[in-house]
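All remarks here apply to the structure that follows.
Just so it is clear, none of the values below were taken in a lab; they were calculated from the coordinates. Source: prediction; values computed, not measured. Because the Cβ atoms are built from the backbone with ideal geometry, glycine has one as well, and the counts that use them run over all protein chains shown.
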Amino acid sequence: MSTQQIIAESVCTAESANIAGRLERIPVSSWHVKARLIVGVATFFDAFDMLAIATAVPVLAKLWHLTHPEIGLLISSGFIGQIAGAFLFGWLADRIGRVRALQYSILIFSLMAVGCALSTSYGMLMAFRVIQGIGIGGEVPIAASYINELTRAHKRGKFVLLYEMVFSIGVLCAGFIGAWVVPSFGWQTIFLIGAAPAVVAVFMRRVLPESPRWLATKGQYALADKIVSDIEAYTLRAGLKLAPAKQIPTVAAPVARIGELLGPGYLRRTLTVWVLWFCAYFVAYGSITWLPTIYTSTFKLDLHTALMLSAINSFVSFPMNFVLAFIIDRLGRRRWFAIGFTLGALPLLAIGLMPELSHMTVIVLAALSYMFTGPNCSAAYLYTPELYPTRLRALGASSATVWLRIASSIGPFVVGMIITHGDYRSVFLMFGVVALFGALIIGRFGVETSERVLEELSR
């Protein structure tokens, strides 16, 4: 029987309408871990491809005789496409489904990675980075929405953040792998590695079910019921227990409109989370993409050493991401962001305000800052989908990541301009002030979502 026939013959019984209530009673099992792993592979390479340019830039700067503003523009170019991709795929995911939209986005950024590797000029590489950005911009927010929708409220933060760690691992691997392959095999290699997830995209729809919550909002109760029944059966076969289902009926909802994000019901949430995304990525991405170049141009370190030292930042944030996964449900999302931004700002302000420091002191302080600002980026993917109803979730999460792209495109370019007309300390001072602003806004206006059912949060 085709999907269309299933939908046509569906009957909205009390059980089939209570999709959310049934999902909320299902404990985490190997079924969830499998879904998290499959989506995680794509998210890993999304992060890998996003940061690949940072490891290639020191070589390209010498090869193509690039100025600091040109380097900043090259780093920023991918985010132009990511802004378009975030809107496009957020809109698609709320209309055609999470899994199909994921598949298309992965294919785009994987194939364009090959194009980047084949580039023979500054303009050609920039063009491929823009197109690649369309896929990169769509994948992660949709994936985060999908993983959130499969998970019950209890310890959702732990489950989602353990999944989001693959993004940090991708950033970490891009740094360390780049430090090894770029000097040894050429800058093209780092992009060719980033093309690997195309294989995952081909088989994704065969191995991942559509989000039952999304299906229910589209009135596809029979198909949603079948998927949830399969998960329930798997849970019982695994020897786990199912509690009685709470009544959280899901009804078919109208198509979401982007104007709703700024409507009376969601304006405060939307503006607050947009500030969160802008501040988190302006600081984290802006600093980490420029560190290798700062180390080589300001402190005169060789390329291999500069890349390895820059990769340390990603390494130190990894254990903090792991710790955060186990404490954020108890600590709360809002409180963490206020703490993370504040503790991340202090080392940056120290670099900016203290007299001339040795390169080792700068390296240590920059790593200490990223240990707290880096996890903010992962936690934003947990927090944002929780703020919106299912019919609006992918669009809300994707539109928020537009501010990630804006911040990440502005940040490197602004750093290039500041270094051209000033020194590196002014750069770190700027990042510290932006981080403090993020702490103030989220601490004051953020909505706490920890341990709350998604459907209850959106009422």
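Compute the helix-to-body angle for 303-331: its Cα long axis versus the longest principal axis of the chain, expressed 0 to 90° and rounded to tens.
30
Calculated from the structure, Kirkwood radius over Cα pairs in Å equals which of (i) 22.9; (ii) 22.3; (iii) 21.7?
Computed from the coordinates, Kirkwood radius over Cα pairs in Å corresponds to (ii).
Straight distance only, please: which lysines reach the Cα of Lys34 with their own Cα at less than 17 Å, same-chain residues fewer than 8 apart left out?
Lys158
Taking Cα pairs under 8 Å and at least six residues apart, what relative contact order does the range 270-363 come out at, in percent?
24
Excluding residues on the same chain fewer than 8 positions from Lys218, give the lysines whose Cα lies under 23 Å from its Cα.
Within the straight-line cut-off, Lys218 pairs with Lys226, Lys246.
Taking the Cα centre of each part, how many Å lie between the range 80-116 and the range 145-201?
16
Starting from the Cα gyration tensor of the range 207-249, take the square roots of the eigenvalues, sort them a ≥ b ≥ c, and report rounded, prolate or oblate (rounded when a/c is under 1.5, otherwise prolate if a/b is larger than b/c, else oblate).
oblate
If one takes the longest principal axis of the Cα atoms in the chain, at what angle in degrees, from 0 to 90 and to the nearest 10, does the Cα axis of helix 198-207 lie?
Here the helix axis deviates by roughly 20 degrees.
Hey, which aspartates and glutamates would be in cross-link range of Lys241, C-alpha to C-alpha under 18 Å, not counting anything within fewer than 8 residues on its own chain?
Hits, sequence-local ones excluded: Glu24, Asp230, Glu232.
Using the Cα gyration tensor of the range 316-427, with a ≥ b ≥ c the square roots of its eigenvalues, what is the shape: rounded (a/c below 1.5), prolate (a/b larger than b/c) or oblate (neither)?
Because a/c hits 1.5 or more and a/b fails to exceed b/c, the range 316-427 counts as oblate.
Where does helix 30-63 land angle-wise versus the long Cα axis of the chain, in degrees 0 to 90, nearest 10?
20
Size of the dipole of the chain about the Cα centre, Lys and Arg at +1 and Asp and Glu at -1 on the beta carbon, nothing else charged, in debye to 20?
Roughly 840 debye, rounded to the nearest 20.
Kindly put Trp64, Trp214 in sequence by how many other C-beta atoms sit within 10 Å of each C-beta, fewest to most.
The most exposed by this proxy come first: Trp64, Trp214.
Quick check on the exposure proxy: order Ile19, Ile258, Ile248 from fewest to most C-beta atoms within 10 angstrom.
Ile258, Ile248, Ile19
Using the number of other C-beta atoms within 10 angstrom as an exposure proxy, rank Glu356, Glu139, Glu448, Glu232 with the fewest first.
Glu356, Glu448, Glu232, Glu139
Once the other residues with Cβ under 13 Å from the Cβ of Leu162 are scored (Lys, Arg +1; Asp, Glu -1), what is the net sum?
It works out to a net charge of +2.
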